[in-house]
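Some notes on the structure that comes next.
Just so it is clear, none of the values below were taken in a lab; they were calculated from the coordinates. Here the structure is a predicted model, which means the values were calculated and not measured. Neighbour counts run over all protein chains shown; Cβ positions are idealised from the backbone, glycine included.
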Amino acid sequence: MDIEKIKLSPEASIREALRIIDSGAVKIALVVDEAGRLLGTVTDGDIRRAILAGAGLEDPIAQIYSKDPVTVPPSASNVHIINLCSAYRVYQIPVVDEAGRPVDMILLDEVLKSKNYPNKVVLMVGGLGTRLRPLTEKTPKPMLSVGGKPILQTIVEQFAEYGFSDIIMCVNYRAEAIYDYFGDGRRFGVRISYIKERERMGTAGALSLLPERPKEPFFVMNGDILTNVRFDRFLEYHMQNGATASMCVREYDMQVPFGVVEMEGNRITAIREKPVHRFFVNAGIYLLSPETLDYIPEQSYFDMPTLFERLMQAGHKCVSFPLREYWLDIGRMEEYERANSEYKEVF
């Protein structure tokens, strides 16, 4: 590996770090001093946490990089590397020489020689799609064509690309169209099984119908979302944070169309002209550890926000994963038209 390509100084911007992280399979940038000694690392997760805290892309990485990285010497064995990755929940480890200078990078994926993850993917594809009628009168919304193929096919292919091939589809409305098209998933390089909801059960209720309890954290995703998010990075983030439940969130800006007057009593203290308020909204993609199933009632309607509320009340760690990738919830006709116009550019 050309280690020089992933080095940065502490004064480099978050944008520069993103360019390195997104440029290849390494998914990490190394922060070094003037003598080339390793100071720390910057990962995709570090940047997402900084964005949640209000950092901008032009801010320096000095305040966000991890200053106590896990490293190994050039003589480290594969067994030692795997044990370190497991103990510290990391997926990349810099190799440093006796002077503390990085000379190589070890990737856990390459050590294990496998990119087929055991984590299950549960896709909620039973919605009625009433806001997209008449298109959905005979076709379930996830089967609407975007970019020349069903929305659901793009979702399946995206998970398969990142090594997640064990897929469960929760179906209801016009389920036969989904059965007929996907079958057992073999022609898409995945394994697909189905759960039939006898009645609508919400975004989490159908999880009570899983035939067996997953052994690892599992994905849950709405079947009407187009995104090129790195699902492997989402899983890394969930594991590194020791989360019970993780939710993808999307930044949403809302501009007040008037000048906002700030007051103390009746005294005007400031006037802000048409301010923009920044929110993070639920993006409909989740990672849940197996114990979350204990909080879902059986055979009843139950939505995902309620599940997160129950988990937080019980003291479980729930974290957000801010999306900076393409994301579009296809709920209305204008979003469906936008998806078709943008598909080739994104995918």
Just to be sure I understand the model, the point goes 7 Å from the Cα along the line to the Cβ. What's the resulting K215 to E11 distance in nm?
5.2 nm
Find how many whole Å separate the alpha carbon centroid of the range 11-35 from the alpha carbon centroid of the range 178-257.
30 Å
With a Förster distance of 25 angstrom and the Cβ-Cβ distance between Q63 and E273, calculated FRET efficiency to the nearest 0.05 equals 0.25
Applying 1/(1 + (r/R0)^6) with R0 = 51 Å to the Cβ-Cβ distance of E334 and E98, what FRET efficiency is obtained, to the nearest 0.05?
0.25
With a point put 7 Å past each Cα toward its Cβ, work out how far V261 is from D109 in nm, to one decimal.
5.7 nm
Matching label, semi-axes √(5λ) of the Cα gyration tensor in Å computed from the structure shown, candidates [x] 102, 45, 15; [y] 36, 29, 20; [z] 35, 24, 21
[y]
Return the long-range amide H neighbours of F164 (sequence gap of 5 or more, or a different chain), with a cut-off of under 5 Å between placed amide H atoms.
Y117
For each pair in K120/K317; K120/K141; K5/K27, compute the distance between the two Cα atoms and list the pairs where it is over 19 Å.
K120/K317; K120/K141
Running a GNM on the chain with Cα contacts under 10 Å, which residue among T227, T269, T136 ends up with the highest mean-square fluctuation?
T269
For the range 163-287, calculate the relative contact order in percent as a whole number, restricting contacts to Cα pairs under 8 Å that are 6 or more residues apart.
22 percent
Those trypsin sites (Lys or Arg not before Pro) from the range 252-347 that are DSSP loop and have at most 16 other Cβ neighbours within 10 Å turn out to be K317, R324, R332
Provide the gained length on full extension for the span L52 to E176, in nm with one decimal, where the gain is 0.36 nm per separating residue minus the Cα-Cα distance.
40.5 nm
Be a star and scan the range 152-168 for residues whose amide nitrogen sits under 11 Å from the point 7 Å along the Cα-to-Cβ vector of F347.
152-159
With a cut-off of 8 Å between alpha carbons and a minimum separation of six or more residues, what is the relative contact order of the range 117-346 in percent?
25 percent
Label Y162 and S300 with points 7 Å out from Cα along Cα→Cβ: what is the distance between them in nm?
3.3 nm
For the pair R133 and Q313, what calculated FRET efficiency results from E = 1/(1 + (r/R0)^6), where r is the Cβ-Cβ distance and R0 = 45 Å, to the nearest 0.05?
0.75
Show which lysines lie in cross-link reach of K344 when reach means a straight Cα distance below 18 angstrom and same-chain residues fewer than eight apart are skipped.
K149
